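Below: the structure, in C-alpha cells.
None of the figures in this text is laboratory data; all of them are computed from the coordinates on show. The model shown is predicted, which means the values in this text are computed figures rather than measured ones. In this analysis, Cβ positions are derived from the backbone assuming ideal geometry, glycine residues included, and neighbour counts consider all displayed protein chains.
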Number of protein chains: 2
Amino acid sequence: MITAPLRRDTARTRDRLLDAAGELLADRGTAFSLPDLARASGVATATVYRHFASVHDVHREFHTRLIGELVAELNDVSDRHHGLDRLRLIGERWVRLAVQWGRASTRIRRPEGFLERVAAGDPPTSALHAGLAPVVRELVDAGTIPAQDLDYAILLWITVFDERVIADLTAGPGWTPERIATTLTASLLGAWQNAG
Amino acid sequence: MITAPLRRDTARTRDRLLDAAGELLADRGTAFSLPDLARASGVATATVYRHFASVHDVHREFHTRLIGELVAELNDVSDRHHGLDRLRLIGERWVRLAVQWGRASTRIRRPEGFLERVAAGDPPTSALHAGLAPVVRELVDAGTIPAQDLDYAILLWITVFDERVIADLTAGPGWTPERIATTLTASLLGAWQNAG
C-alpha cells in the first residue's frame, strides 16, 4: 500500500507498470514474472524490482488500484446525485471500469468472501463497503426499497456487478456497457425490493 | 472425464480421493501435490497416479463431480415439483451442497464466465444450464415472472447462488443454510420480476 505521496514520475511509472500488469493478467493470467512485466511495460527490470517485491505484490497493487478507482467514481457520483439517479450512474461507471479491467481482475479474484474481507479490515474492501452503504441507506430512507440487512444488500450489489458477469455479458452475447449497466441495475433493484 | 462405468471399488476410491481433494482445497487452496493427496486420503501414491494425471486433473474432476451432484439434485427436484416450489427446493439443495463444498470450490473458480463456458460446450456447465433453463421457462409460462432473456436469467441465478456468496454468509454473519436459501431465492425472484 502507498503510505506517502509518491513523486510524480515515480507514480507515473507505477501506473504504467500496473497498466501493463492488467494486460498481462487479461492475456495470460497470473503466469508472468517481474522480468516479464519489465519487458511488457518497457520499464527497466531494476526499476520494476524497486516498485514490487514479488508478482504477488503486483497482483495485490493492481487490485487495490482498481478498487480505488471504483471508490473514486462512487464518491464523484455521490457528491452530485441522489437516490435512483445515483444508483444508475454508479452502475454505469462501475460497468465502464469492469469492461476495461474486469478480465484481468477475474484472474486474481480472491477466494475469501466480501463480508469476510470487510470483517478482517481489508482496506480496499472496507473502502468499497463504506462507499456503497450510504447509497443503500438513502434508498431505504426514501422508501424506494424496504428496510433490510445492509451487509447483505451490499453483498448482493457487488455480486450482481461481479467483474466476471460483466466480462461474460460483454464477450458472449456482446451486450454494450449501457445495456449491461441498465440491466444489472434493474436486477439489483428488484432483488432489493423483494427483501425483508 | 469418466467415459465408461468404473468398477465399484475403483469408483469408491475415486470418490474418496475427490473428498480428500475437497478438504485440501478448502484448507490450503490449490497448493498440494498428488503425493499430498495420497497422504491425506490414505490411498497409495501409485493408485492416485492411476486416477489422475496431474493436480490440475484433480481440480477439474472435483469441479465436474460437484456440478454433477448439483445437476442430479436439480433433476431429482424437477421430477416431482413445479413452479415456485421447485425453485425453492432447488435453492435449498444448492445451498446445502455449497455449504459442504463451496469453500473448496472458490479455490478453483475459473476466470471464464458461465455463458462463455456454455458457448464453448463445456460439459458440466452445459448440463447445469440445461437443468436450470426449464425452471425459468416454467415460471415465465405461468406468468410468475415476465418474459426475459433466458441466458441472462440463468446467469443471474448462478451468480446469486455463487459458492463464494454462500460461504461468505455462512462464515461471516453465520446464517443457517435455510436462511441463506430463502433469502437468495427471494432476491433472485425479485431480480427476475424486475426484468424486461
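With the helix formula -39500 (n - 2.57) applied to DSSP H stretches of n ≥ 4, chain B reaches a computed 222 nm mean residue ellipticity of -25000 deg cm²/dmol. When the Cα centres of region B:144-196 and region A:80-95 are compared, how far apart do they sit, in Å? The two parts, judged by their Cα centres, are 23 Å apart.
Kindly identify the protein assembly as shown as rounded, prolate or oblate by the Cα gyration tensor criterion: order the square roots of the eigenvalues as a ≥ b ≥ c, call it rounded if a/c is under 1.5, otherwise compare a/b with b/c, prolate if a/b is larger, else oblate. Here the protein assembly as shown falls in the oblate category. Taken about its Cα centre, region A:55-193 carries a charge dipole of about 340 debye when Lys and Arg each add +1 at the Cβ and Asp and Glu each add -1 at the Cβ. For B:Ala46, the label point sits 7 Å beyond Cα toward Cβ; its separations from the matching points on the remaining copies run 5.5 nm, from shortest to longest. Exposure proxy shown here: for A:Val71, A:Val135, the number of other Cβ atoms within 10 Å sets the order, fewest to most, as A:Val71, A:Val135. First check a/c for region A:55-193, with a ≥ b ≥ c the square roots of the eigenvalues of its C-alpha gyration tensor; if it is under 1.5, answer rounded, and if not, answer prolate when a/b is larger than b/c or oblate otherwise. Oblate shape, in that a/c is at least 1.5 and b/c is the bigger or equal ratio.
Take A:Glu163, B:Glu23 and order them by how many other Cβ atoms sit within 10 Å, fewest up front.
Values: A:Glu163 23, B:Glu23 14.
The fewest-first ordering by Cβ neighbours comes to B:Glu23, A:Glu163.
In this Cβ point-charge picture (+1 for Lys and Arg, -1 for Asp and Glu), the protein assembly as shown has a dipole of about 1000 debye about its Cα centre. In percent, how large is the relative contact order of region B:7-52, given Cα pairs closer than 8 Å and 6 or more residues apart? The normalised contact order for region B:7-52 reaches 36 percent. Estimated from the Cβ-Cβ distance and a Förster radius of 25 angstrom, the FRET efficiency linking B:Leu150 and B:Arg179 is about 0.30. Gain on full extension, evaluated as 0.36 nm per residue between A:Arg80 and A:Asp27 minus their Cα-Cα distance, stands at 15.4 nm. What the phi angles of region B:138-144 give under the Karplus curve with 6.51, -1.76 and 1.60, with θ = phi - 60°, is a coupling list of 5, 5, 5, 4, 7, x, 5 Hz, glycine and proline written as x. Going by neighbour counts of Cβ atoms within 10 Å, the residues A:Glu69, A:Glu61, A:Glu178 line up, fewest first, as A:Glu178, A:Glu69, A:Glu61.
Spatially, region A:1-64 and region B:24-62 are offset by 34 Å when compared through their Cα centroids.
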